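The values are calculated or read from the model by the stated rules, or taken from the named source; none is laboratory data. Keep in mind the model is a prediction, meaning the values are calculated, not measured. Ideal geometry is used to build each Cβ from the backbone, glycine not excepted, and the neighbour counts take in all protein chains shown.
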Amino acid sequence: MNNPFDRMSDRTLEVITIIILLLTVLTAMVYVAIGVNPYIFLNPFPPPRPGQTTAGQQSAGIAALPAETATPTFPPTWTPTLTNTPTMTKTPTPTGTPTATATPTATHTPPPTSTSLPPATRRPPPPPTPTPPPPFEFVQLLVGPNCQWAGFHGIIWGANDLPLSGVQVKVWNEEGWWTLSSASDINGIYQAPIPYDKAKGRWWLQVWANNGPASEPLGVDMGGGCINGIQEVKMDWRRRY
């Protein structure tokens, strides 16, 4: 079967193709124009304009309203009523808390540098004044038993090794009993008898001159039987100066 296009020349086919393309472009332009303005004369079926009654509406018995009634009208004395707008309550602005002002810190002033003074020449303390010894010192002690007499006696010597008269000796025990001897005689002898029953325990002797002690006290123990005990004490003293 022969194809009819085979009998056409190439020139004829080109012309037909160009015509089809032009028609297609023209048709597209018409659709675009109708889309932009539906009331264009190229639209065979334009939409009804406002206030225009279509054929369907007339056939249904619906009367088209006049164009004037489409716009609402207001009464001639219409006055707009003001609506009372509620006033906004002013919220008090919170009072700011006062900021504490920082107290300036006192500037520390360094103490003045002390200037060292040369040490003062320290003098040694004066030596203590030696206390002179008592004027009398112990020389000799002799003890022995005595079945008839109890007490103390002896000789007081002077600084020149001669007997010294007028000097007494104080004697006392730990119980608080005490007595003064007789003043030494021309031979320097003194005596201080005590009750026989008190010749026991520790006794103390001290030279007593010018109403005061004149020697260191010296202790001696007494007691025991009258054969081998101690009831008699002989103590001699010497003046130093």
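Test of understanding: among 166, 151, 188, 144, which residue is over 13 Å from residue 206 (Cβ atoms) and in contact with a Leu (Cβ under 7 Å, 6 or more places away or on another chain)? Explain how you work it out, then say what you get.
Numbers: 166 fails: in contact with a Leu (Cβ under 7 Å, 6 or more places away or on another chain); 151 fails: in contact with a Leu (Cβ under 7 Å, 6 or more places away or on another chain); 144 fails: in contact with a Leu (Cβ under 7 Å, 6 or more places away or on another chain).
Testing whether each residue is over 13 Å from residue 206 (Cβ atoms) and in contact with a Leu (Cβ under 7 Å, 6 or more places away or on another chain) leaves just 188.
Among the residues of region 221-240, count how many are farther than 28 Å from residue 133 by Cβ and touching a strand residue (DSSP E or B) at 6+ places or on another chain (Cβ under 9 Å).
Applying the first criterion (farther than 28 Å from residue 133 by Cβ) to region 221-240 yields 223-232.
Still in the list and also touching a strand residue (DSSP E or B) at 6+ places or on another chain (Cβ under 9 Å): 223-224, 229-232.
Residues meeting the conditions: 6.
Here are 206, 231, 191: which of them is in contact with a Lys or Arg (Cβ under 6 Å, 6 or more places away or on another chain) and among the polar types (S, T, N, Q)? Quick ask: steps written out before the conclusion?
Values: 231 fails: in contact with a Lys or Arg (Cβ under 6 Å, 6 or more places away or on another chain); 191 fails: in contact with a Lys or Arg (Cβ under 6 Å, 6 or more places away or on another chain).
Step by step, each of 206, 231, 191 is checked, and only 206 is in contact with a Lys or Arg (Cβ under 6 Å, 6 or more places away or on another chain) and among the polar types (S, T, N, Q).
Is it the case that some residue within region 112-135 is closer than 22 Å to residue 214 by Cα and modelled with pLDDT of 95 or more?
Checked against the condition, which is being closer than 22 Å to residue 214 by Cα and modelled with pLDDT of 95 or more, region 112-135 yields at least one hit.
Having 1 or more residues that are in contact with a helix residue (DSSP H, G or I) (Cβ under 8 Å, 6 or more places away or on another chain) and either β-branched (Val, Ile, Thr) or more than 14 Å from residue 138 (Cα to Cα) (or both) is the bar; report the strands (runs of 3 or more DSSP E) wholly within region 149-241 that clear it. Write out each step before concluding.
Working: elements: 151-157, 168-173, 178-180, 189-193, 201-209, 218-222, 232-239.
Fully inside region 149-241 and qualifying: 168-173.
Between 225, 219, which is touching a residue at least 40 places away in the same chain (Cβ under 8 Å) and surrounded by fewer than 19 Cβ atoms within 10 Å (Cβ to Cβ)? First the steps, then the outcome.
Working: 219 fails: touching a residue at least 40 places away in the same chain (Cβ under 8 Å).
Going through 225, 219 in turn, just one is touching a residue at least 40 places away in the same chain (Cβ under 8 Å) and surrounded by fewer than 19 Cβ atoms within 10 Å (Cβ to Cβ): 225.
I need every pair where a residue in region 179-191 that is within 19 Å of residue 149 (Cα to Cα) has its Cβ under 8 Å from the Cβ of a residue that is part of a loop (DSSP other than H, G, I, E, B), sequence separation at least 6 or different chains.
Final answer for the pair search is 179/194; 190/167; 190/181; 190/182; 190/183; 190/184; 191/181; 191/182.
Working only within region 153-175, note down all residues that are over 26 Å from residue 230 (Cβ atoms), touching a strand residue (DSSP E or B) at 6+ places or on another chain (Cβ under 9 Å) and aliphatic (A, V, I, L, M).
Once the filter is applied, which keeps residues that are over 26 Å from residue 230 (Cβ atoms), touching a strand residue (DSSP E or B) at 6+ places or on another chain (Cβ under 9 Å) and aliphatic (A, V, I, L, M), region 153-175 yields 159, 164.
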